[in-house]
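*Asks:* Got a structure here, written out as structure tokens. Questions coming.
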Amino acid sequence: MVRRKRYRRTCDCPTPPRTVTAPLPPKLLPKSIYGTSLWIHLLLEKFHLQRPMHRTLEQLRLLEADLAAGTITDGLQRIEPLLAPIYDAIRARHMESAYFQADETRWKVFVDKAGKTGHLWWLWLFAGEDSVVYVLDSTRSHDVPESHFPDDLQGVLMVDRYSAYKAMRQVKEGTLLLAFCWAHVRRDFVRVGKGYPELTAWALTWLRQIRELYCLNRERLQHTSGTGEFAAADTMLRQHVAVMAAQRDTELADDKLREPCRKVLVSLNAHWSGLTLFVDDARIPMDNNYGERLIRNPALGRKNYYGSGAEWSGRLAVMMFSIFATLALWKINPRTWLNRYFEACAEGGGRTPHNPDCFLPWNLSETRLAELRGTTNRPSAANTS
């Protein structure tokens, strides 16, 4: 015989639920079925590793994660506004630099724009001392760098000899000085030497002079300004610059100078003041190679996935390029940084954090920087040997 005994509640507590579960972790995109880690993976794959999105989705499909391309596109479009405050802060920080480097490359945006034929846009790079900014524009005119920099900006802009930079209002008014690239000048002499075998010896003479210029400047940079070693290296550098200028003027005065040689030396003379700005300010680099390296990674993306399919996609691209390049300058792990930032967005209901400034590298403490760099609790080389 089975006896069933019933118990009556003796408290006034509300009826508890039959099943008690922990709340779900906050999501970057509320109501989305995908978590934050997936969006971080997709952003790194496309804008850091420059892999086409369809290849990344195919890779995930092989891992039995079948993601709809339309859903991913919609999610990325919703993520783009979340990154705008960080991008704007990087642009503001960028303006505090004493010198800049600039470059531009082709970038296609597959939208029809009034008054524009075709889909060719331009991706502009502006690199400062501790931050990097990319700008996407439908033109390659001087209006782009001119509008990027404030009218009263004072500093030095390292560029190639593209005429758009020379036409900037800040340059014409003398507030922004143009420093020109010796690597581009070197290419002029290389082209003459390869194109005219009889002028190879002449070209090699100038190439040796440029090599010596690099060596002397490198020697100067190894010493602290104000020391005797720095002063001695600086004197040798200035003497070599004077020798090069004298050789240039002597050859230009020769009526028998071949036209290919004259053309190169006329350009050298026209850009001489900008080419020698580094002599008086050791902070200024001799060439724009750093800027060209920074724009090389997005150029790989252009070749792999052809550009952007919409204007919002182009905005997302320049934001991610700027964030990743700036994080690289500070040696911050981009995956770790994105995880911290997107977690804050998720905790705010899928909105931008109230204090985005606390995620900027220059506002971080040394402890937080070490965490984002992945250097905390890492064994030293002596302990791992």
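Every read-out reported here was derived from the displayed coordinates using simple, explicitly stated rules and does not represent laboratory data. Values in this document were obtained by computation on a predicted structure and should not be read as measured data. Heads up, the Cβs are rebuilt from the backbone with ideal geometry, glycines too, and the neighbour counts pull from every protein chain shown.
*Asks:* Can you work out which of the residues in region 87-139 that are in a loop (DSSP other than H, G, I, E, B) and aliphatic (A, V, I, L, M) is farthest from the chain's Cα centre (by Cα)? Working first, answer last.
*Replies:* The first filter runs over region 87-139 and keeps only residues in a loop (DSSP other than H, G, I, E, B), leaving 95-98, 110-119, 128-131, 138-139.
So of that shortlist, the ones also aliphatic (A, V, I, L, M) come out as 95, 98, 111, 114.
Working: Met95: 14, Ala98: 17, Val111: 25, Ala114: 29 Å.
Selected residue: Ala114.
*Asks:* Among residues belonging to region 95-125 that are surrounded by fewer than 22 Cβ atoms within 10 Å (Cβ to Cβ) and among the charged types (D, E, K, R), point out the one that is nearest to Arg293 (Cα to Cα).
*Replies:* Arg106
*Asks:* Moving on to the next point. Being farther than 24 Å from Ala127 by Cα, surrounded by fewer than 20 Cβ atoms within 10 Å (Cβ to Cβ) and in contact with a Ser or Thr (Cβ under 8 Å, 6 or more places away or on another chain) narrows it down to one of Gly374, Gly348, so name that one.
*Replies:* On the way: Gly348 fails: in contact with a Ser or Thr (Cβ under 8 Å, 6 or more places away or on another chain).
None of the other options fit; the residue is Gly374.
*Asks:* A follow-up question, please. Select from region 36-53 the residues that are closer than 16 Å to Ser313 by Cβ and either without any contact (Cβ under 8 Å) to a residue 24 or more places away in the chain or among the aromatic types (Phe, Trp, Tyr) (or both) and list them in ascending order.
*Replies:* The answer is Trp39, Glu45, Phe47.
*Asks:* Another question about this same structure. If a residue has to be surrounded by 14 or more Cβ atoms within 10 Å (Cβ to Cβ) and not aliphatic (A, V, I, L, M) to count, how many in region 239-256 make the cut? Can you show your working first?
*Replies:* Start the filter on region 239-256 by keeping residues that are surrounded by 14 or more Cβ atoms within 10 Å (Cβ to Cβ), which leaves 240-241, 244-245, 247-248, 251-252.
Now restrict to residues that are not aliphatic (A, V, I, L, M): 240, 247-248, 251.
Residues that pass the stated criteria total 4.
*Asks:* Among the residues of region 154-175, count how many are touching a Pro at 6+ places or on another chain (Cβ under 9 Å) and assigned to a strand (DSSP E or B).
*Replies:* Of the residues in region 154-175, 3 are touching a Pro at 6+ places or on another chain (Cβ under 9 Å) and assigned to a strand (DSSP E or B).
*Asks:* Can you tell me which residue among Phe189, Phe230, Phe180 is farther than 30 Å from Ala164 by Cβ and surrounded by 12 or more Cβ atoms within 10 Å (Cβ to Cβ)?
*Replies:* Exactly one of Phe189, Phe230, Phe180 is farther than 30 Å from Ala164 by Cβ and surrounded by 12 or more Cβ atoms within 10 Å (Cβ to Cβ), namely Phe230.
*Asks:* May I pose another question? Applying the selection to region 82-139, what residues are more than 26 Å from Pro285 (Cα to Cα) and free of Cβ contacts under 8 Å to residues at least 40 places away in the same chain?
*Replies:* Residues satisfying the conditions are Asp88, Asp112, Lys113, Ala114, Gly115, Lys116, Thr117, Gly118, Leu120, Asp137, Ser138, Thr139.
*Asks:* Could you tell me how many of the residues in region 305-350 are closer than 20 Å to Ser32 by Cα and outside any helix (DSSP H, G or I)?
*Replies:* Residues in region 305-350 being closer than 20 Å to Ser32 by Cα and outside any helix (DSSP H, G or I): 3 in total.
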